[in-house]
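The values are calculated or read from the model by the stated rules, or taken from the named source; none is laboratory data. This structure is a prediction, so every number in the text was calculated from the model and none was measured. Here the Cβ positions follow ideal geometry from the backbone for every residue, glycine too, while neighbour counts run over all protein chains shown. Ligands, DNA and RNA are stripped out before the accessible areas are found, and what is left, the full protein with its side chains, is counted by its heavy atoms. Shrake-Rupley method; radii C 1.70, N 1.55, O 1.52, S 1.80 Å.
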Amino acid sequence: MAIRTLDGKKCLVTGAASGIGRATAVAAARRGAELVLTDVNEVGLVETVALCGDAGGKVLSARAFDITDFDAVTAFADEVHEEFGSLDVVMNVAGISAWGTVENLEHRHWKSMVDVNLMGPIHIIERFVPPMIAAGRGGHLVNVSSAAGLLALPWHAAYSAGKFGLRGVSEVLRFDLKRHGIGVSLVVPGGVKTPLVETVQIAGIDREDPRVRKLTRRFEKHAVTPEKVADCILAGIVKNRFLVYTSADIRFGYWWARKFAPPYEFVMQKANDRFSALL
């Protein structure tokens, strides 16, 4: 019951108004998917619907709402299931980012990271996965985490709270859903060239500081495109891969962290010290 092709498959994509979500929706449209799209950004979502149409795809439904609002997710899920039945693929792509050290992060940063990056996907899982199980056709669940869900990256404590949590949810569901023929993919991107690079909140840091701008440029130099990430996600679905990497550096980093803990801890501390010098 694994998903071998997206042609004719009903696919939900959250965060579809921009970045990885938009690229994934358009890539799925090119492969013949029938799409259900959501995002908090209504203007961007309308643009994505048009792009999916241009790519030859069919958008069954598109709705702008906040996935942290459980009632809104429930209402949307009820409408989708009533009109179109259960879905075949559910992709949790929506997310936000905020960085900073513990003395600079505010409560709002911690809360928003958990609300959007963890509870939002959980709301989607709660309302869209049980109908997939009941339908008995199998399917696939995609959760987009981050390299910060695998590695102790500097200044990422709040961000990692949500992304490590989503990783844990995914690891359990990988085994829990197998008996229903539903595959699970955990996507762990490193740097990605999205608008998030310029808008990410960095608590206690001046974004215009030349040292910060230098780090940003270095990040962008090694970042991959949203389209590359989208291709990796869709390949992960049809090949039923659990860990979906989007760049070799994260694959190597995670392998290295597991196999060589002492040097990994040394390098992470040095990276943290270097970042802290900017404070």
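One residue alone among 87, 118 is open to solvent by less than 50 Å² (accessible area, probe 1.4 Å) and either at pLDDT below 95 or assigned to a loop (DSSP other than H, G, I, E, B) (or both), and that residue is 87. Can you find a residue that is within 21 Å of residue 237 (Cα to Cα), touching a residue at least 40 places away in the same chain (Cβ under 8 Å), in a loop (DSSP other than H, G, I, E, B) and of a type in the set (D, E, K, R) anywhere in the stretch 10-28? Looking for residues that are within 21 Å of residue 237 (Cα to Cα), touching a residue at least 40 places away in the same chain (Cβ under 8 Å), in a loop (DSSP other than H, G, I, E, B) and of a type in the set (D, E, K, R), one finds none in the stretch 10-28, hence no. For the stretch 228-273, the set of residues classified as touching a strand residue (DSSP E or B) at 6+ places or on another chain (Cβ under 7 Å) and either in a loop (DSSP other than H, G, I, E, B) or over 30 Å from residue 183 (Cα atoms) (or both) consists of 240, 241, 242, 246, 247, listed by residue number.
Return a yes/no flag: does the stretch 259-267 have any residue that is within 23 Å of the chain's Cα centre (by Cα) and either of a type in the set (Ser, Thr, Tyr) or modelled with pLDDT of 90 or more (or both). No: the stretch 259-267 contains no residue that is within 23 Å of the chain's Cα centre (by Cα) and either of a type in the set (Ser, Thr, Tyr) or modelled with pLDDT of 90 or more (or both). If the condition is being loosely packed, with under 15 Cβ neighbours inside 10 Å, touching a residue at least 40 places away in the same chain (Cβ under 8 Å) and not hydrophobic (A, V, I, L, M, F, W, C), then the stretch 232-264 contributes 240, 249. Would you point out the residue of the stretch 265-279, among those that are over 15 Å from residue 157 (Cβ atoms) and free of Cβ contacts under 8 Å to residues at least 12 places away in the same chain, that is surrounded by the most Cβ atoms within 10 Å (Cβ to Cβ)? Ranking the qualifying residues of the stretch 265-279, first place goes to 267. Sub-8 Å Cβ pairs linking a first residue in the stretch 46-73 that is assigned to a helix (DSSP H, G or I) to a second residue that is open to solvent by less than 40 Å² (accessible area, probe 1.4 Å) and not hydrophobic (A, V, I, L, M, F, W, C), at least 6 apart or interchain, are 48/21; 48/39; 70/123; 73/123, ordered by first then second residue. Would the stretch 38-47 turn up any residue that is farther than 28 Å from residue 191 by Cα, open to solvent by less than 60 Å² (accessible area, probe 1.4 Å) and of a type outside the set (Gly, Ala, Ser)? Among the residues of the stretch 38-47, not one is farther than 28 Å from residue 191 by Cα, open to solvent by less than 60 Å² (accessible area, probe 1.4 Å) and of a type outside the set (Gly, Ala, Ser), which makes the answer no. Here residue 13 fulfils each of the conditions (1) open to solvent by less than 20 Å² (accessible area, probe 1.4 Å); (2) β-branched (Val, Ile, Thr); (3) in contact with a Pro (Cβ under 8 Å, 6 or more places away or on another chain) apart from (3). Close contacts from the stretch 148-168, counting a first residue that is on the phi > 0 side of the Ramachandran plot and a second that is outside any helix (DSSP H, G or I) and of a type in the set (Val, Ile, Thr), with Cβ to Cβ under 7 Å and a gap of 6+ residues or different chains, come to 155/101.
Within the set 62, 55, 50, 134, the sole residue that is farther than 27 Å from residue 160 by Cα, open to solvent by 60 Å² or more (accessible area, probe 1.4 Å) and of a type outside the set (Lys, Arg) turns out to be 134.
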